[in-house]
Amino acid sequence: MNRQSAGYRWLIFWIIAFGYVLVYFHRLCPAIVAVDMMRDLKAGGALIGFLAAAYFYPYAVMQLPAGLLSDSWGPRKTITVFFIVAFLGSILLGVAPSASWAIIGRTLVGFGVAMLFVPAMKILAEWFTQKEFAFMTGILMAMGGIGSLTAATPLALLSAAIGWRMSFLAVGGFTLLLAVLVWRFVQDRPESGKSGSSIEKAAEGPDVIGLMDGVRRVLTTPAFWPLAVWFFFDCAIFFSFGGLWGGPYLMHVYRMSRDQAGHILSMLAVGMIIGSPLLSFVSSSIFKARKPVLVISSSMVLVITLLLAFFPDRIPLTGLYVICLTLGIFSSAIVVIGFTANKELFPVQIAGTATGLVNLFPFAGGAVFQPILGYTLEKYGKVDGIFTVQGYRGAFSILLSCAVVAILASFFIKETLGSKESS
């Protein structure tokens, strides 16, 4: 395919999109194999919580460097090098003799896949026009939903067939393959140096804003902080439940098999896949605003966490499917609107810096609350080797508190759609 042809950008997009599938797979896969890992690694809930969270700490820390490296190295080199790091981490995770080595492996995975999202945004900005950018971002997030889906039932089936260790080794091989494809086919920008997006940027103004000045402008903008707080607490709920403790909860409280739990958790991914384009349409075409969609979604998450906190063992099977579906829409897919609102707060020259900074907060939320929930479950003790209903009630009460803070923050988020000013 001619690298200057219009179709070549779609080849680039789909390579990056499959990389994003892998990002979400790694993010949520512990929920399905947590019980097996606790058994094989002889680890308790708190330690497994830290193992799952070991993805989020480096992911959060690397968001700002991801923007810097994308601008200096370029997205192609950045993604390739760090996907090789993720490959090594996945292999180490698969052969880990102890929880300590598994934590190191998952930390390497977090470092590696952390360098996909921000470089991907830069690639989309170079190869697609501003109008196309929002649509392509929605597709990219939907591909993340497919990654969530593979981390549920497909992983449960794969793990049952070859074990969780061999599953991580296989995923490591796929990670390396994607690194090779990125290096071989992805270009940072059209060779002419021009794209619809680039032309729009030139029209908006040629002024270059330095990295540190961009960081300062973002962090000193009052409207940035309610959005950052909302990201922290909203994503803490999704990552804590969907990324780790949802699987053990279904297996411990409802005595489900791993496969049955995987079927229900797969609704989180279905919610992401449906919700990403749906919420974008609702925001842009129906409400013609960002804030109402964020407030309504936060209200739905509050209802979900109320049900989990007060009735953890009395939710019918259909209700469990609905809870996971709505959580996938209103706690995960909704971040498309959050990222769009954040992008609209700032000049295009510092869009990457703004994205990198706000992207710290969702993963910091997951990193903080996954082990907190594990500690809470341990505090309530075990019966016959499994966590108690009271323990899950206490853990989900913490998620309810997160939902309260998230909805309060959503009321203070600045409306950005149609606003030409940048703070």
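Here are a few things to note about the model shown:
- Residue within segment 255-274 that is surrounded by 24 or more Cβ atoms within 10 Å (Cβ to Cβ) and β-branched (V, I, T) present: no
- First in segment 265-277 and more than 7 Å from A142 (Cα to Cα), second anywhere and hydroxyl-bearing (S, T, Y) and at pLDDT 85 or above, Cβ under 8 Å, 6 or more apart: M267/Y321; L268/S332; G271/T326; G271/S332; G275/S332
- In segment 370-384, the residues that are more than 15 Å from the chain's Cα centre (by Cα) and touching a residue at least 24 places away in the same chain (Cβ under 8 Å): P371, I372, L373, G374, Y375, L377, E378
- Single residue of segment 65-94 satisfying the filter (surrounded by 20 or more Cβ atoms within 10 Å (Cβ to Cβ) and at pLDDT below 85) that is nearest to W164 (Cα to Cα): L93
The values are calculated or read from the model by the stated rules, or taken from the named source; none is laboratory data. Fair warning: this is a prediction, and the values are worked out from it, not measured in the lab. Heads up, the Cβs are rebuilt from the backbone with ideal geometry, glycines too, and the neighbour counts pull from every protein chain shown.
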